[in-house]
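Can you keep this structure in mind? I'll have questions shortly.
Taken together, the values in this text are just the output of simple stated rules run on the coordinates, not laboratory data. Because the structure is predicted, anything quoted here is derived from the model rather than measured. FYI the Cβ positions are ideal-geometry reconstructions off the backbone, even for glycines, and counts take in every protein chain you see.
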Amino acid sequence: MKRLVLASASPRRRELLGRLGLEFEVRPAAVDETPRPGENPEALALRLARAKALASAAGRSGERVLGADTVVARDASILGKPANATEAEQMLETLSGGEHRVVTGLALAADGAVAEACVVSRVWFRSLLPEEIARYAADGEPLDAAGGYAIQGGAAGFISRVVGSYTNVVGLPLSEVVRLLG
């Protein structure tokens with residue numbers, strides 16, 4: 001069987017993939033994650049996952065390279081990773097009391113071919129108090145998470161409902177990864 005490579009520096013993806021009991025190497029790929037004008041969340045997540053997988057696979061053979069990218073979207077707005085606590089607070093205020101989508105694009109590159117999948121989960125936040133938002137934003141956790149929150153961390157108490165894959169919301173939809181790996 002070909003060696004598996006995870007083209008991501010995310011500790012959450014590494015942990016989730018490790019839960020499957022697979023041996024893999026971590027080889028992050030740096031790509032420009034700027035959304036293109038008019039690009040929807042699904043297209044963005046798939047494009048970035050493909051770019052990461054192909055960049056990490058370039059010039060190598062005998063490997064299966066898994067790229068992934070997660071995007072949070074509220075209505076027509078795509079929420080990336082906040083640059084600071086102020087941006088995190090703004091994102092959390094946007095998510096408070098409503099529904100948003102968590103979209104993860106997956107791409108598995110092997111032998112010049114790429115298999116892709118996109119997983120969407122719907123998440124509802126309860127209405128958050130301003131002091132909750134400020135406290136969570138100040139603790140630093142939101143700075144490394146799309147949408148400014150980590151469901152498996154301090155934001156767990158913000159979420160009233162999830163429809164779809166929980167591991168997708170964390171950052172890697174394991175059921176779809178297993179299907180792609182075949």
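If we count other beta carbons within 10 Å of each Cβ, what is the order of 34, 70, fewest first? Can you show the working numbers first?
Values: 34 9, 70 30.
Placing the least packed residue first, the sequence is 34, 70.
Further question: Once amide H atoms are placed 1.01 Å from N in the peptide plane, what residues at a sequence separation of 5 or more from residue 6, or on another chain, have their amide H within under 5 Å of its amide H?
25, 26, 27, 66
Would you compute, from DSSP H runs of 4+ residues alone, the mean residue ellipticity of the chain at 222 nm, taking -39500 (n - 2.57) per run and dividing by the full residue count, rounded to the nearest 500?
On the way: 6 runs with 58 residues, N = 182.
The per-residue figure over the chain is -9000 deg cm²/dmol.
Can you list the HN-Hα couplings for region 72-81, worked out from phi with the Karplus curve (6.51, -1.76, 1.60; θ = phi - 60°), rounded to whole Hz and with x for Gly and Pro?
10, 10, 10, 6, 8, 8, 9, 10, x, 8
Are there any trypsin sites (Lys or Arg not before Pro) in region 69-162 that are in a DSSP loop and have at most 15 other Cβ atoms within 10 Å? List them by number.
Those satisfying the criteria are 126.
With θ set to phi - 60° and the Karplus curve 6.51 cos²θ - 1.76 cosθ + 1.60, what are the ³J(HN,Hα) couplings of region 34-44 in order, to the nearest whole Hz, using x for Gly and Pro?
5, x, 7, x, x, 6, 7, x, 5, 5, 4
Let me ask something else. Convert each backbone phi in region 149-159 into a coupling constant with the Karplus relation 6.51 cos²θ - 1.76 cosθ + 1.60 (shift: θ = phi - 60°), then list the ³J(HN,Hα) values in order as whole Hz, x for Gly and Pro.
Values per residue, Gly and Pro as x: 8, 10, 4, 7, x, x, 7, 3, x, 8, 9 Hz.
Let me ask something additional. Please compute the alpha carbon radius of gyration of the chain, then divide it by the globular-protein estimate 2.2 N^0.38 Å. Two decimals is fine.
Ratio of Cα Rg to 2.2 N^0.38 Å: 1.02.
Using Cβ counts within 10 Å as a stand-in for footprinting exposure, how do 167, 104 rank, fewest first?
Fewest-to-most ranking of 167, 104: 167, 104.
Report the local net charge at residue 109: Lys and Arg +1, Asp and Glu -1, summed over other residues whose C-beta lies under 13 Å from its C-beta.
+4
So what's the angle, to the nearest 10 degrees on a 0 to 90 scale, between helix 85-95 and the longest Cα principal axis of the chain?
The angle comes out near 80 degrees.
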